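Structure record follows, encoded as structure tokens.
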Amino acid sequence: MGRGRAKAKQTKVARELKYSTHNTDFAALQRELSGKSAQNSHDEDDKYEDPYADEEDDDYRR
């Protein structure tokens with residue numbers, strides 16, 4: 001037992017998603033689905049590169 005409260009919350013959330021109106025940005029959706037974005041995701045990854053990745057230390061590769 002004890003599932004009543006969880007089920008009621010799930011029902012409430014589902015009802016809100018079903019009947020609420022959302023402002024959809026179809027242009028942004030189209031860009032996302034086509035794989036074209038305003039920002040290049042590779043540029044973001046560059047600032048988190050491993051500074052030790054280029055070292056040639058074979059002791060850790062065994």
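See the values below:
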read-out: 2 or more residues surrounded by 10 or more Cβ atoms within 10 Å (Cβ to Cβ) and at pLDDT 90 or above: qualifying helices (runs of 4 or more DSSP H) within the chain; value: 4-19, 26-34
read-out: Where a residue in the stretch 13-37 is of a type in the set (S, T, Y) and its partner, wherever it lies, is not in a loop (DSSP other than H, G, I, E, B), with Cβ under 6 Å and at least six apart; value: S37/R31
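The values are calculated or read from the model by the stated rules, or taken from the named source; none is laboratory data. This structure is a prediction, so every number in the text was calculated from the model and none was measured. Glycine gets a Cβ as well: all are built from the backbone with ideal geometry, and neighbour counts include every protein chain shown.
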